[in-house]
Amino acid sequence: MKLELREITKRFGSLVANDHIDLVVQPGEIRALLGENGAGKTTLMNVLYGLIQPDEGEILIDNEPVHIRSPKDAIRAGIGMVHQHFMLVPVFTVAENVTLGVERTRGFGGLLDRKRTRSDVLELSEQFGLQVNPDALVGELPVGIQQRVEIIKALLRDANTLVLDEPTAVLTPGETEDLFRIMRSLREGGRSIVFISHKLKEVQAIADNITIIRRGQVVGERPPSTTGAELAALMVGRAVQLRVSKEPAKPAGVRLTVHNLTVADERGEPAVRGVSFEVRGGEILGIAGVQGNGQTELCEALLGLRPSSGTVSLDGNDLSAATTRDRLRAGIGYVPEDRQEDGLVGAFSVADNMVLDVYDRPPYASGIALNLDQIKTAATELVSEYDVRTSSVQTPVGTLSGGNQQKVIVARELSRDNKMLLASQPTRGLDVGSIEFVHKQIVAQRDRGVAVVIVSSELDEIYALSDRIAVMYEGRIVGFREPDISEADLGLLMAGSSAEAESRSVQDALPPDQALELPGAVEGDDAE
Amino acid sequence: MIIEAVTQGSSTVMTILSIFLALVVGGILILFTDPIVTKAWSSFFSDPGNALAQSWDSVSFAYSQMFEGAILNPSTVSAAFHGGSIAAIFYPLSATCAQATPLILTGLSVAIAFRAGLFNIGAAGQWVGGAIVATWLGFGVSLPIVIHVIVCVIGGFVGGAAIGWFVGLLKAKTGAHEVIVTIMLNYVMYDLLSYLLSHPAMLQQPHQTNQIAPFIANDANLPHVGGPAPQAGVGFLIAVAAAAACAWLLSRSTTGFQFRTVGASPSAARSAGINVEKSWIWVMLLAGGLAGLSAATVVQGTNTQLTFNSYGTYGPDGITVALLGRAKPWGTVLAGLLFGALHVGGTYVAGATLNQVPDDIVQVLEGLIVLFVAAPALIRAVFRLRATSGTGMEAAAKGWNG
């Protein structure tokens, strides 16, 4: 099926979200749609899926104009959509979920034909290498598999063109690899795919053709062999440094000492198992690892948000028994992993969020009275210093874009006199322009003598920032490396060990609970 | 600016439209109660003008009586010009304020808890706690004049605060949901009150078989400003002062910032170093104290003898008032005044029409107002307003805890 969008224009008031956009997707093609947050990618796809009616332009399928007024029309036309947020019923099985709305029935009275549904799911799963168990409860599946359920849902409705809206935003690097494998087999099966992303590497790795949009307009079409720098420049509209330039670190004395830290997760299972490390002032320690190997728990324990055993001390002061408030006051700056949940209060103004963890200290408070003028002045200064794009400091922070929300957190946490900075996934979901900015700010902290700890599952970020890399696997630090370690070797370490990495493909075929029971990595068994 | 606010349906405008719509629906109900109107409508086709005129007369009479009873009676104004009492002009307004006083205070109790993310169903139980302490201090203790009043009011606050504190403590230490705990504590407090009022050694008036407490001492009564009870007194000033204190606390103090952060996002509050559990305990203590103050204004002000029925519907009405006031202190004051006016006006209109328009109409009006406020989409549809995101209605419509 050939899909063509011609001269699509959509205006919201004075804002032109899509400005005469042309896009052709050939049968069996993976077409990437690359653009910053707010460039108009999602609007365009909502037009295609019938959720929004365009002001101008038309959609053609196999050179015939079609009218798509609702998602129903889109499905009938053979277009399937996998949203960023899944539309699944967690207490239903995979088979029940995919058949919802197109139930297979048999006999009189429309009895559900469970057998046929199961076999349909199995057949699709096998054909495209999806490896999904039709009887599993969706709520118990990892995010990556849930996404595949959404893909099966679309395929079961005979989708010839699949639209994947930022599909990798919720995935771990391993899951992303699996998704790419599935996308390739879908392409081989003659399906075409529109892949929406703002991540350069992914687009280069999987797309056959890349359409770049900026501010609602198509600014170019490039083959995947195009350099990252060129794509980034097209996307942002100016040359962007993909890796911040930084001077070699000039580490001073040890500031942060973590000794034998052990942390339990929600179920009481050990998530961090006896981790010890030191960070010197003026040094960035990057903690690399696949998501879910104890990094979240480690960060929360360092902040005192989660009970732990072992010791944490900063500049010689033992903080092991201190509350979160005391730790923040002792000079820890904290950029949490989940900015909307833990870092910001969406309903509060930018100004209030700028003082979220210093509101009760001078100059923002005298006694129990808030100093509203001072808060406003300080927020106004920070907004201009950190280039937060907001109409005013009184705007609710929840209405800002993801990049600007992160800038609010970064501004708040870095404007203090920190001894240590702990930043977890500091650029997740941000576009290249914002990543560049946040990275520069973090390096500036280091150069001021702060001990910096970065936790990231993105290798690019680890390499861009780290002066030293620690790799976490199953709750342990399995090795410290210099940043000149090759990506392949680092990847192997993150997977536990070389032997472990080779058995990964075997593990993938197994249900996750069995895979967990395979023998874990041996400490120090590294791959150099 | 104003036009935009109206067409997009800002929260104030939506509230006013809700009240208006409730009055319209209430008017239709009044029509059905009037035999002259129903008779005129039965001959609608022969004389449609008469049916409409009678309808208008009936509804406008009922509402104008309500206005005269609750706000201003023009005849008192003209009487004042001919040598009558000037103070009499303010009697209706004063009665409204007196009725509003306890509602404002229980409303503030619900509102402040709501801002910290807690749904305080327990204002009734906390009210009883405050009433017990204030009453006991009122008749059982002899203190100098002025000091006695103050001690009783503080006692009312403490009595309510103790119950609220216990709720907060249970939630903080055990994770018990405050809705369950407060509902159950209401029953505990009702029965405790019943027990205390049944034993002369406790709170019962000697030589009584009814569940009734002794009158509190005269020097413990809150002075009336606008004339004898049920006119407004110092109690109303306490309510307004409490609202001012809440407004300051919520928007201009670190404690309020803490409460609001906990209410808007407990996880962000934790990451910012705020002790969420401690905030729950403190805000429930304050909420309970406000409900206790409400009790103090009643037992020391409008009816100075505590009975088993004294708690009335102050607790549930507080929820309604806080909802209508959108959990904002001054909004709660306005909502409390509106409900006070409806209560006073309802009684007045029932008297003026010889109970042909029963004062139950007021409860229907209150119910309709809250219904419309909670269903903003309905108001938008009726008045053809454009939908906006985030008018602040969603929280009210959604209830508690997301």
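Of all the numbered requirements in (1) over 11 Å from residue B:294 (Cα atoms); (2) within 21 Å of the chain's Cα centre (by Cα), residue B:103 misses one, and that requirement is (1). Quick one: in segment A:324-339, of everything that is in a loop (DSSP other than H, G, I, E, B) and more than 7 Å from chain B (Cβ to nearest Cβ), which residue is farthest from residue A:388 (Cα to Cα)? Filtering first and then ranking leaves A:330. State whether one or more residues within segment B:337-357 are in the same structural domain as residue B:222 (by TED's automatic domain parsing) and without any contact (Cβ under 8 Å) to a residue 24 or more places away in the chain. Checking segment B:337-357: not a single residue is in the same structural domain as residue B:222 (by TED's automatic domain parsing) and without any contact (Cβ under 8 Å) to a residue 24 or more places away in the chain. Being out of contact with any helix residue (DSSP H, G or I) (no Cβ under 8 Å at 6 or more places or on another chain) and either free of Cβ contacts under 8 Å to residues at least 60 places away in the same chain or more than 19 Å from residue B:313 (Cα to Cα) (or both) holds for only one residue in B:175, B:168, B:117, B:155, and it is B:175. Among residues of segment A:292-305 being within 17 Å of residue A:342 (Cβ to Cβ), in contact with an Asp or Glu (Cβ under 9 Å, 6 or more places away or on another chain) and not in a helix (DSSP H, G or I), the one that is nearest to the other protein chains (Cβ to nearest Cβ) is A:305.
Among strands (runs of 3 or more DSSP E) entirely within segment A:438-484, having at least 1 residues that are among the polar types (S, T, N, Q) singles out A:451-456.
Of all residues in segment A:347-372, those satisfying the criterion of being more than 7 Å from chain B (Cβ to nearest Cβ) and either acidic (Asp, Glu) or under 24 Å from the mean Cα position of the chain (by Cα) (or both) are A:350, A:352, A:353, A:354. Cβ-Cβ distances below 6 Å connect the following pairs, each with a first residue in segment B:361-384 that is free of Cβ contacts under 8 Å to residues at least 24 places away in the same chain, a second residue that is part of a helix (DSSP H, G or I), and a separation of six or more residues or different chains: B:362/B:342; B:362/B:346. For the subset of segment A:376-420 comprising residues that are basic (Lys, Arg) and assigned to a loop (DSSP other than H, G, I, E, B), which member is nearest to residue A:346 (Cα to Cα)? Within segment A:376-420, the match that is nearest to residue A:346 (Cα to Cα) is A:389. Screening residue B:103 against (1) surrounded by fewer than 21 Cβ atoms within 10 Å (Cβ to Cβ); (2) under 30 Å from residue B:223 (Cβ atoms); (3) out of contact with any Ser or Thr (no Cβ under 6 Å at 6 or more places or on another chain) leaves a single unmet condition, (1). Against the numbered list (1) part of a loop (DSSP other than H, G, I, E, B); (2) without any contact (Cβ under 8 Å) to a residue 12 or more places away in the chain, residue B:334 comes up short only at (1). Taking residue A:425, is it away from chain B (no Cβ under 12 Å) and out of contact with any helix residue (DSSP H, G or I) (no Cβ under 7 Å at 6 or more places or on another chain)? Answer is yes for this residue. Could you tell me which of the residues B:239, B:247, B:296, B:243 is surrounded by fewer than 20 Cβ atoms within 10 Å (Cβ to Cβ) and under 27 Å from residue B:151 (Cβ atoms)? Matching residue, one of B:239, B:247, B:296, B:243: B:247.
Inspect segment A:306-317 for any residue being more than 8 Å from every other protein chain (Cβ to nearest Cβ) and under 23 Å from residue B:116 (Cα atoms) and give the result as yes or no. Scanning segment A:306-317 turns up at least one residue that is more than 8 Å from every other protein chain (Cβ to nearest Cβ) and under 23 Å from residue B:116 (Cα atoms). Just one of (1) touching a residue at least 12 places away in the same chain (Cβ under 8 Å); (2) not in a helix (DSSP H, G or I) fails for residue B:235. It is (2). Given the structure, is residue A:331 at positive phi and touching a residue at least 60 places away in the same chain (Cβ under 8 Å)? Considered against the rule, which asks whether it is at positive phi and touching a residue at least 60 places away in the same chain (Cβ under 8 Å), residue A:331 comes out as yes.
Being assigned by TED's automatic domain parsing to the domain that holds residue A:225 and within 15 Å of residue A:52 (Cα to Cα) is a property that holds for residue A:11. Residue A:342 satisfies every condition listed in (1) at pLDDT below 95; (2) within 9 Å of chain B (Cβ to nearest Cβ); (3) closer than 17 Å to residue A:417 by Cβ except (3).
The values are calculated or read from the model by the stated rules, or taken from the named source; none is laboratory data. Since the structure is predicted, the reported quantities are computational estimates derived from the model, not experimental observations. Positions of Cβ are generated from backbone atoms using ideal geometry, with glycine treated the same way; all protein chains shown enter the neighbour counts.
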